[in-house]
Amino acid sequence: MKLILLGAPGSGKGTQAVVLAKNFKIRKISLGDILREEVKKDSELGRKVKQYMEQGVLVPDEVVGAVIEENIKDEGFVLDGYPRNLAQAENLQKIFERKHIQITAVVYLDVTTETVVKRLSGRRICPQCGANFHITNMPPKVEGVCDACGSKLIQRKDDNPEVIEKRIEVFEAESAPLKDYYQKEDNLLVVDANKDAQEVFMDISSLLKNG
Ligand code: AMP
């Protein structure tokens with residue numbers, strides 16, 4: 001199973017990537033997580049991408065393209081966070097051709113702006129293992145503590161009102177056209193992602209089974 005997840009920030013790509021990876025025993029490739037890890041390590045790549053991420057704008061295509069090329073192999077995966085514009089989609093197509101990869105489906109998580117704002121402002125993440133929570137929709141068992149590894153949860157730096165607004169703007173301008181791009185390729189599955197995470201996962205699973 002080889003999947004691409006598309007959707008606005010806060011559409012649940014990260015959450016669904018975790019569940020899909022676990023259920024279908026495939027690798028999760030989450031570009032945002034990979035980049036956040038590099039920023040945390042203060043690596044050369046991390047220093048290159050930090051400012052863009054904090055401002056909620058896209059990191060230059062050639063920088064993220066190299067990261068993706070390195071991470072994609074001909075084995076099951078769910079790709080979260082790439083592509084985010086048409087140039088990246090074309091680059092991904094070339095990577096797939098070079099590596100003889102056939103994609104199973106592109107899943108588009110469709111959400112309203114209202115859902116996005118609610119989700120992002122209540123989101124909490126684990127800085128240690130990357131697990132995602134939400135203060136009301138997906139609260140951890142113990143407030144402020146990661147269920148998976150016990151670390152203290154934090155709010156992402158880019159989940160503040162100004163940067164949220166910028167990220168939505170960037171999504172509308174650069175990423176939204178990807179829906180049409182993949183619709184033409186005929187393997188696009190559109191899911192109503194305003195529902196809770198479990199329901200969205202069930203909808204994705206049944207669409208994958210029934211096409
Ligand atoms: P995410 O965790 O997917 O919301 O990504 C967080 C931030 O990482 C984005 O706001 C961008 O600054 C950067 N980023 C993630 N994926 C990409 C991408 N495909 N192209 C450019 N920048 C990206």
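Write out the trypsin sites (Lys or Arg not before Pro) in segment 119-160 meeting two conditions: DSSP loop, and at most 11 other Cβ atoms within 10 Å of their Cβ.
Qualifying residues, ordered by number: 141.
Ignoring any ligand, DNA or RNA, what whole percent of the accessible area of the chain comes from carbon and sulfur when the probe is 1.4 angstrom?
The value for the chain is 51 percent carbon and sulfur by accessible area.
Just grab the label-to-label distance for residue 25 and residue 176, each label 7 Å out from Cα along the Cβ direction, in nm (one decimal).
Reported label-point gap for residue 25 and residue 176 is 4.1 nm.
Just to confirm the filter: which trypsin sites (Lys or Arg not before Pro) across segment 1-60 are DSSP coil and have at most 13 other Cβ within 10 angstrom of their Cβ? Could you put the intermediate results ahead of the total?
Values: sites: 2, 13, 22, 25, 27, 28, 36, 40, 41, 47, 48, 50; in loops: 25.
The qualifying sites are 25.
Please compute the per residue accessible area over segment 14-121 with all protein chains in place, 1.4 Å probe, rounded to a whole number of Å². Could the numbers behind the result be given before it?
Values: 5520 Å² over 108 residues.
Using a 1.4 Å probe on heavy atoms only, each residue of segment 14-121 averages 51 Å².
Filter the GluC sites (Glu not before Pro) in segment 50-104 down to the DSSP loop ones having no more than 11 other Cβ atoms within 10 Å, then list what survives.
75
Take every Cα pair under 8 Å in segment 103-202 that's 6+ residues apart, average their separations, divide by the length, and report that relative contact order as a whole percent. List each step's numbers first, then the result.
Numbers: 101 pairs, mean separation 38.4, N = 100.
It comes to 38 percent, rounded to a whole number.
Just how far, in whole angstrom, is segment 139-211 from segment 1-27 if you go by their alpha carbon centroids?
One Cα centre to the other: 8 Å.
Take the Cα atoms of the chain, find their three principal axes, and give me the spread along each one in whole Å, biggest first.
Reported extents, whole Å, longest axis first: 44, 40, 31.
Suppose we keep just the DSSP beta bridges with both residues in the chain; what percent of those would be antiparallel, to 5?
So the antiparallel bridges amount to about 25 percent of the total.
The values are calculated or read from the model by the stated rules, or taken from the named source; none is laboratory data. Here the structure is a predicted model, which is why all the values come from computation and not from measurement. Note that we place each Cβ from the backbone using ideal geometry, even for glycine, and neighbour counts take in every protein chain shown. We work out accessible area using only protein heavy atoms, side chains counted, and drop any ligands, DNA or RNA first. Shrake-Rupley method; radii C 1.70, N 1.55, O 1.52, S 1.80 Å.
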